Amino acid sequence: MIDISAFHEALGILFSSISAWGWIVPGLIIGLVFAAIPGISITMAMAIVLPMSLYMDFFPAMVFLTSVYTGAGFGGSVPAILMNIPGTPSSFATTFDGYAMSQKGEHNEALGYALFASTLCGIFGYVLLLLVLEPLADIVLRIGPVEMFAVAIWGMMLLGSLGSTYISRGLLAAALGILLGTVGMNTAGFTRGTLGVPELLDGIAPIPAMIGLLAASQLLSLAGRDYIIEAEGAREVSLRRILKGCWGTLKYPGVLLRGSIIGVVIGAVPGVGSSISNLISYAETKRTAKDSATFGKGNPKGVIAAESAVASGEGGSMATMLALGIPGGGATAILIAAFMMHNVVPGPSFIDTQKPMAYAIILNNMVQAVVLLVVGIGFIYAATNVMKVRTRYVLPAILVVATLGTYAVTGEAAGPITLFVFAMLGFALNRYEYPVPAVVVGILLGRMLETEFLRSYQLSAGNPLYVLERPGAMAIFAVMFISLAMTAWGKRKQNKAEAAEAALLRLRHDADAHAHTTPSKG
Amino acid sequence: MRIGRQTYAIDYGHLALITLIAAAVFWYLLDARSVSLSVNNLLLVQPVAIFALAMYLFVLPQCFRKVDAREAARTASEQDPLSRNIPAERSDMLRMAALSVSLGLLVLLLDTLGFDIAIFLFTLAAMVICGERHPVRLLLFSCAVTLVAIYGFRAMIPYPMPTTLL
Amino acid sequence: MTDFTRRDAFKISAGGLAAVSGMVAMPSILRAASYPTRPINVIVPFATGGYNDRLSRAFMPYLEKELGQPLVIVNKPGAGTQLGNSYALNQPADGYSIMCTSAAPYIPLTVLLQNAPYKVEDFSMLNLPSRDYTLAATSSDGPVKTFAEVIEKLKKDPSSLSIGVQPASADYANMVLAFQAAEIDPSKLRIVTYDGGGPARNATAGAQVDVGFVGGEGFLPLKTKIRPLAIFAAETVEWYPDAPLIGASGLKTDFVEGSQRGWAITTKLRNEQPEIYKTLVTAVEKASKNPKAIETLKLQELATTWYGPEASDKAYLDNAAKMAKYVNLLK
């Protein structure tokens, strides 16, 4: 577990280099601003400050870079809550309840919930990391395709909680999303559906597609409105209400804990990161909640669940990076580059020889999470003022930023074109009551689903009994099924209440349902 | 359309959308199969595509609705402020369509006009569509957006942005 | 990209921009005289964090010193470097875009397998300091100890061991060649495909697969977690002397060399701007021979060896020819 003498030395490093702490605030602000711009990724923010860190000493450089990382982890949720545009795929689940809350005029509270969940779980993730740094690294390498396939399936179960009037349309949307996610060259080297366009060889760029689908269903429809929130009284910017949201987070320790554990474990797996853990955390929280019917309509627990998984994921991916020297994603790849530029090679030998330094970096990240609370409140306060600007100014500006953001993803017109094509698709799907988020989930997870399924098949030579040799995968499936069964069993009473509500809904779409059951005769 | 005693209206837009989706899925399946019939290629794609086509057949009848039901559905969807944000009024629909067209033009003309001119024109058009009529405000705000966007993104992203004037 | 020329045309016809059009029309020799006058883009057709990205960033300060202008790293990942390569070819041949890439085998592979719209000869090498070789390895606590043991087991039962490899790569070709030489039918093996060297290495180190065939250099940080079985090189590899050579396993097999990484430009630039080309070659040579650069890059396990443009080009074209010879193994 934790090495006490190294821990003491780490505290020594931490307090003997107080001047390095000065980099925390600028780093956090850079991270927050970059991540709040849709399409600009954490990786890009860190790549920009990387050259600056070259001229610093090792520890201040690490403080600076990891501060950007910490700030960026939260920044994405600001546009997700205020405008339904997730800045990164990892804040996708935040939009479900975050945007609904802000439509109800509760944007102050929603951002408060998100910020505090981010802070608390960021710290929690690092505490966990401090305790299990080395064992975690070994576990991570043992996670194979079958386990990852189980995780991907778990992510897909979010679909069940998206709620749609028509199950058939939801399933069609999800299947379409998955197929879109598999376009391009698959892991075995087969190329499908590219129409000979080289840009599609690596598949449809998920971030522009996601922004397009969601922007169409919400942003473009704002054109007729005068303000993003129509009710005048609801547009206020209130520090008191932000703090109320922060405080309210503490009422849901269970949600925070579950989100953190899901976030740390999945965040530690190389190449996966928080873009799936937020979906799983959201789906699990919704499924086990007593008031699951109000999810998607502005339930703060939805925001907390999503944000807690994102924030704690940072700790997980840092663990993989420090202990193994392999990057979990783009951000940790930049961190490794920064390590190397200071002639430090992360990995097993780094942990063996420089444990105090590793601990000092982890401890400093906890400090950053606390500072994020203060800087974040200021940032939210400034950002929320967007609500007070008339749409005729906000909307053109946001659309320009989103378009340039998608350009930043691909570096050429392919990004903006993807944005536009998917905006039109999203518009049509929304018009005919297809759940657009189901398509997004499919696009985000389709590739992973295929890759891991295929590798599982290759490993087992098609023998399904192979899963018996993988206790990890069996455990994941078991947890998944037990959790499903328990909720199904425990919710019978609640289902009656939901049935009553569904009856109301059915009344609304009575005719459709009727037409649906009547086979077409002509 | 009349079937028996019941009058049905065909929702042509919906029919077109799902038929287009089904056609795309079918083409994708054929394209994948033309590359290789190996399991390594079709393991996930083939079953999901077939599933999607099955769902198409399932959704198909929903395109045919009873006439009187239409009105009821429309008023109901207006009451839900969250899930369906498609504006019902004609003028709002026109605005959305105009905004979509402008966005399409922006995307297509970015490289040809240069990012600066394309962004300036788009901002101008989008502001007019959203209701701004004051010429000074239109020009000033469009200029501001263009300048901030170009210089801001130039500082942030590692790719060159072709511009004409800036 | 045709858009660029259209935009250029627009630029000129926009009028009032005499200065701009004047510059376009300026004889190339005059522009070359003062080269470089502005920052130079380094196109890296891989994502951040990979070998080329690290190499370019580590080498950057020393090359900047020789050129007297800052370098800007442009990561253009995608389609097995095809997007980055096309992007580089579409830039004006003015010396303000150079490449840092795994020239071989990626450029030949995009041409052979993806019908990329360019030729292998469209790229010219400045220097390819990094020479990688396919390494067959297993997890350090795995049951297999030697490559001969792998062959023996697979001969008895081709599905007894799982193999991790990247499809359509030099590693894949080497794997097939080795097993063909051992008279094992590759189609009966349990081959698990990975879409990059990184995931394949992690799977090998974590014992997800029994044997991994991946470029060896990337394994160095994970050295303690793996056991090298055979390296596909003719003589002992400087950066991994412990790795037994494939020849030592008793197997007589031909093999292709792994990635050759380093600095390249478009052939168009070399032919049209000989002055700029000379400036670039000199700068890379001086920077590669800078003792401080050598020391710093060595610490990061990055190569600086100076082979020069002729030797690098030859190695690159030889690799391309060998890839063309074995392309059928990859399909």
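When each of C:Arg270, C:Arg227 is tested for being open to solvent by 20 Å² or more (accessible area, probe 1.4 Å), of a type in the set (Lys, Arg) and part of a strand (DSSP E or B), the lone residue that passes is C:Arg227. Restricted to segment C:133-156, and to residues there that are within 28 Å of C:Lys252 (Cβ to Cβ) and at pLDDT below 90, the residue that is nearest to the chain's Cα centre (by Cα) is C:Gly142. Taking segment B:26-47 as the range and being more than 8 Å from every other protein chain (Cβ to nearest Cβ) and crowded, with 16+ Cβ neighbours inside 10 Å as the test, the residues that pass are B:Leu29, B:Leu42.
Between C:Ala234, C:Ala207, which is within 20 Å of the chain's Cα centre (by Cα) and either outside the structural domain of C:Ser139 (by TED's automatic domain parsing) or open to solvent by 20 Å² or more (accessible area, probe 1.4 Å) (or both)?
C:Ala234
The residues listed here are A:Thr418, A:Thr410; of these, the one that is at pLDDT 90 or above, of a type in the set (Ser, Thr, Tyr) and crowded, with 21+ Cβ neighbours inside 10 Å is A:Thr418.
Residues in segment C:169-197 that are without any contact (Cβ under 8 Å) to a residue 60 or more places away in the chain and assigned to a helix (DSSP H, G or I): C:Met175, C:Phe179, C:Pro186, C:Ser187, C:Lys188, C:Gly197.
Looking at segment C:110-134, which of its residues are closer than 15 Å to C:Arg261 by Cβ and open to solvent by 20 Å² or more (accessible area, probe 1.4 Å)? Correct list: C:Arg131, C:Tyr133. Among the residues making up segment A:168-186, a single one is more than 23 Å from the chain's Cα centre (by Cα), more than 7 Å from every other protein chain (Cβ to nearest Cβ) and aliphatic (A, V, I, L, M): A:Met185. Cβ separations smaller than 7 Å between residues 6+ apart or across chains give the following pairs from segment B:52-66 residues that are facing chain A (nearest Cβ under 7 Å) and closer than 10 Å to B:Ile18 by Cβ to residues that are part of a helix (DSSP H, G or I) and open to solvent by 30 Å² or more (accessible area, probe 1.4 Å): B:Met55/A:Leu171; B:Gln62/A:His516.
For segment C:171-194, the set of residues classified as buried (at least 16 other Cβ atoms within 10 Å of the Cβ) and out of contact with any Lys or Arg (no Cβ under 9 Å at 6 or more places or on another chain) consists of C:Asp171, C:Tyr172, C:Asn174, C:Met175, C:Val176, C:Leu177, C:Ala178, C:Phe179, C:Pro186, C:Leu189, C:Arg190, C:Ile191, listed by residue number. Can you tell me which residue within segment A:372-421, out of those that are assigned to a loop (DSSP other than H, G, I, E, B) and of a type in the set (Gly, Ala, Ser), is farthest from the other protein chains (Cβ to nearest Cβ)? The extreme case among them is A:Ala413.
Working only within segment A:422-435, note down all residues that are open to solvent by 10 Å² or more (accessible area, probe 1.4 Å), more than 8 Å from every other protein chain (Cβ to nearest Cβ) and of a type in the set (Phe, Trp, Tyr). Across segment A:422-435, the qualifying residue is only A:Phe422.
Working only within segment C:103-117, note down all residues that are in contact with a helix residue (DSSP H, G or I) (Cβ under 6 Å, 6 or more places away or on another chain) and outside any helix (DSSP H, G or I). Residue satisfying the conditions is C:Ala116 alone. For the residues C:Lys314, C:Lys298, C:Lys286, the requirement of being more than 27 Å from C:Phe213 (Cα to Cα) and open to solvent by 20 Å² or more (accessible area, probe 1.4 Å) singles out C:Lys286. If you scan segment A:157-176, which residues turn out to be out of contact with any Gly (no Cβ under 6 Å at 6 or more places or on another chain) and modelled with pLDDT of 85 or more? Once the filter is applied, which keeps residues that are out of contact with any Gly (no Cβ under 6 Å at 6 or more places or on another chain) and modelled with pLDDT of 85 or more, segment A:157-176 yields A:Ser168, A:Arg169, A:Gly170, A:Leu171, A:Leu172, A:Ala173, A:Ala175, A:Leu176. Checking the stated criteria, B:Ala69 turns out to be at pLDDT below 85, at the interface with another protein chain (Cβ under 7 Å from one of its Cβ atoms) and either open to solvent by 60 Å² or more (accessible area, probe 1.4 Å) or part of a helix (DSSP H, G or I) (or both).
Among the residues in segment C:52-68, are any in a loop (DSSP other than H, G, I, E, B), more than 14 Å from chain A (Cβ to nearest Cβ), modelled with pLDDT of 85 or more and more than 30 Å from A:Gly196 (Cα to Cα)?
yes
Out of all the residues in segment B:132-151, is one or more within 7 Å of another protein chain (Cβ to nearest Cβ), modelled with pLDDT of 90 or more and under 25 Å from A:Ile48 (Cβ atoms)?
Within segment B:132-151 (the criterion being within 7 Å of another protein chain (Cβ to nearest Cβ), modelled with pLDDT of 90 or more and under 25 Å from A:Ile48 (Cβ atoms)), the answer is yes, since at least one residue qualifies.
Restricting attention to segment A:327-354, the residues being in contact (Cβ under 8 Å) with a residue 60 or more places away in the chain, within 17 Å of A:Pro60 (Cα to Cα) and at the interface with chain C (Cβ under 7 Å from one of its Cβ atoms) number 3. Could you tell me whether any residue of segment A:120-140 is touching a residue at least 60 places away in the same chain (Cβ under 8 Å), out of contact with any Ser or Thr (no Cβ under 7 Å at 6 or more places or on another chain) and in a loop (DSSP other than H, G, I, E, B)? Checking segment A:120-140: not a single residue is touching a residue at least 60 places away in the same chain (Cβ under 8 Å), out of contact with any Ser or Thr (no Cβ under 7 Å at 6 or more places or on another chain) and in a loop (DSSP other than H, G, I, E, B).
The values are calculated or read from the model by the stated rules, or taken from the named source; none is laboratory data. In this text, all values refer to a predicted model and were calculated from it rather than measured experimentally. Methodologically, a virtual Cβ is constructed for each residue, glycine included, from the backbone with ideal geometry; neighbour enumeration extends over all protein chains shown. The area values use the complete protein model at the heavy-atom level, side chains included, leaving out ligands, DNA and RNA. Shrake-Rupley method; radii C 1.70, N 1.55, O 1.52, S 1.80 Å.
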